[in-house]
Amino acid sequence: MEKLFTEVDNYFIEKLVENDPIFEQILKNNQKHQLPPHDVSPSQGKFLYLLSKIKGAKRILEIGTLGGYSTLWFAKALGSDGEVISLEFDKKHAEVARKNLALAGVSDKTKILVGAASDSLRKMVDAQTTPFDLIFIDADKENNSVYLEYALQLARCGTVIIGDNVVRDGAVINAASSDKRVLGVRSFVDDLATSTKLTSTAIETVGVKGYDGFTISIVEK
C-alpha cells in the first residue's frame, strides 16, 4: 500500500502542484547542508498555501522553520503587506532557511527568530505582539502543549491553528508509548479536545511522507 500511496501522491503533485524550480532548489540546498528531511510534501505545502489564501491571512506564525520550505509556501500566499514570522531553534537551520528565502525573493515578507521557541513566544506575548491569522505548529512534538498555550495568547477569534505530524504512523493511539514525541502529541490532542476556545478536527494523510496527519483548529472565543 505504501508504494500505491506514493504513486497516487506523485500523480496529484504532477497534476495540481505548479512546477516551481525554487522549491526543488530549497530541498537540494537543505540536503547539501545535511538538514533532516522533515519538510512537508509538495501537496501539503500547497495545502498550507491554500489555507492561508482561504483565510486571507496577513500575519502567519510558523513554529519550526527547518530550511524554509513551508515558510516559502506561506510567504507565497501573502500579499505585499503580509508577514511570516518563523521560529527556529537551530542556528544552522535558520541560516540555511534565510539563504533559501532570499533566493526565493521573499526576505521582505519573512522573519526568522532563532532560539528556543518557547522563549520567542513568551517575548512576543510580553510585547503584546499583534495577533496572528494563522499559526502552524511543526517543531519538537514534546513541547506541542506549550506551543499551543502560547499560540492561543497570540491568536484572536477566527485564527486558524494547525498542528503537524500528529499521527506518527499510527503511534498516537498507543497510550502506553514511552516515545516523548508521541506523548507530546497525545497531550496536545487532549488540550485541543478540552479547550473551551477551540473547535478542532484531525485529518490523516498518506503519500510520499508516509502515514501521518495534522490537526486543524479555529479559535472561536
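The values are calculated or read from the model by the stated rules, or taken from the named source; none is laboratory data. Source: prediction; values computed, not measured. A quick note on method: Cβ atoms are made from the backbone with ideal geometry, for glycine too, and the neighbour counts reach across all protein chains shown. Note: accessible area is taken over every heavy atom of the protein model, side chains too, but ligands, DNA and RNA are not part of it. Shrake-Rupley method; radii C 1.70, N 1.55, O 1.52, S 1.80 Å.
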Checklist entry - Can you name the residue in the stretch 70-103 that is touching a residue at least 60 places away in the same chain (Cβ under 8 Å) and surrounded by fewer than 20 Cβ atoms within 10 Å (Cβ to Cβ) and is also nearest to Pro36 (Cα to Cα) among such residues? => result Lys99
Checklist entry - Restricted to the stretch 147-184, and to residues that are hydroxyl-bearing (Ser, Thr, Tyr) and either touching a residue at least 12 places away in the same chain (Cβ under 8 Å) or under 12 Å from Ile137 (Cβ atoms) (or both), which residue is most open to solvent (accessible area, probe 1.4 Å)? => result Tyr150
Next on the checklist: Scan the stretch 133-141 and tell me whether some residue there is under 16 Å from the mean Cα position of the chain (by Cα), basic (Lys, Arg), in a helix (DSSP H, G or I) and buried (at least 18 other Cβ atoms within 10 Å of the Cβ).
Outcome noted: yes
Next on the checklist: Against the conditions (1) in contact with a helix residue (DSSP H, G or I) (Cβ under 9 Å, 6 or more places away or on another chain); (2) in a loop (DSSP other than H, G, I, E, B); (3) more than 30 Å from Met1 (Cβ to Cβ); (4) aliphatic (A, V, I, L, M), where does Val146 fall short? Just the number, please.
Outcome noted: (2)
Item to check | One residue from Glu24, Glu14, Glu2, Glu18 being open to solvent by 30 Å² or more (accessible area, probe 1.4 Å) and under 22 Å from Asn165 (Cβ atoms) | outcome: Glu2
Next on the checklist: Looking only at residues that are in contact with a strand residue (DSSP E or B) (Cβ under 6 Å, 6 or more places away or on another chain) and closer than 18 Å to Val40 by Cα in the stretch 190-206, which one is most open to solvent (accessible area, probe 1.4 Å)?
Outcome noted: Glu204
Checklist entry - In the set Thr205, Thr215, Thr196, Thr201, which member is more than 20 Å from the chain's Cα centre (by Cα) and in contact (Cβ under 8 Å) with a residue 12 or more places away in the chain? => result Thr196
Item to check | Selection within the stretch 207-221 - open to solvent by 70 Å² or more (accessible area, probe 1.4 Å) and either within 27 Å of Pro36 (Cβ to Cβ) or hydroxyl-bearing (Ser, Thr, Tyr) (or both) | outcome: Lys209, Tyr211
Checklist entry - Of these, Leu72, Leu66, which one is assigned to a loop (DSSP other than H, G, I, E, B) and touching a helix residue (DSSP H, G or I) at 6+ places or on another chain (Cβ under 7 Å)? => result Leu66
Checklist entry - If you go through the stretch 118-139, how many residues are free of Cβ contacts under 8 Å to residues at least 60 places away in the same chain and closer than 18 Å to Ser187 by Cα? => result 1
Item to check | Top-ranked residue of the stretch 26-45 - restricted to ones that are part of a helix (DSSP H, G or I) and in contact with a helix residue (DSSP H, G or I) (Cβ under 7 Å, 6 or more places away or on another chain), ranked as nearest to Ala77 (Cα to Cα) | outcome: Gly45
Checklist entry - Got a number for residues in the stretch 149-187 being within 27 Å of Ile85 (Cα to Cα) and part of a loop (DSSP other than H, G, I, E, B)? => result 9
Item to check | Those residues of the stretch 36-69 which are over 18 Å from Gly213 (Cα atoms), hydrophobic (A, V, I, L, M, F, W, C) and crowded, with 21+ Cβ neighbours inside 10 Å, in sequence order | outcome: Ala57, Ile60, Leu61, Leu66
Checklist outcome for this item: Screening Ser120, Ser187 for residues that are at pLDDT 95 or above, among the polar types (S, T, N, Q) and open to solvent by less than 40 Å² (accessible area, probe 1.4 Å) leaves only Ser120
